[in-house]
Amino acid sequence: MPLTKEAVQEIPLPPITPQSQHIVQQIEELVNQILNLTQSPDYETNPEKQAKVKELEAQIDKLVYNL
């Protein structure tokens, strides 16, 4: 299945509630860390930064599962 705008819009997302707000904030912080790492000039050649991004992505996966 191609990843189109319509396909993405069909992905069910749970609503953000007061109970889940702290998880959402943690995810936002992790995404910002990933963006900072991947936008650095040496990201493509820095295996430590690449490994850190994979670690952060795994943390996001766990948090999303808890939503």
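Derivation of every value follows stated rules applied to the coordinates shown; laboratory data play no part. Quick caveat, the model's predicted, so the values are computed rather than measured. Here Cβ is always computed from backbone atoms with ideal geometry, including for glycine, and neighbour counts include all displayed protein chains.
Things worth noting here:
- Tilt relative to the chain, helix 21-38 - C-alpha long axis, 0 to 90 degrees, to 10: 30
- Helix 47-66 axis versus longest C-alpha principal axis of the chain: approximately 10°, rounded to the nearest ten.
- Sorted by Cβ neighbour density within 10 Å, fewest at the top, the residues Tyr65, Tyr43: Tyr65, Tyr43
- Relative exposure of Glu6, Glu28, judged by other C-beta atoms within 10 Å (fewest first): Glu6, Glu28
- Bridgeable aspartates and glutamates around Lys62 (alpha carbons under 18 Å apart, same-chain partners fewer than 8 residues away excluded): Glu28, Glu29.
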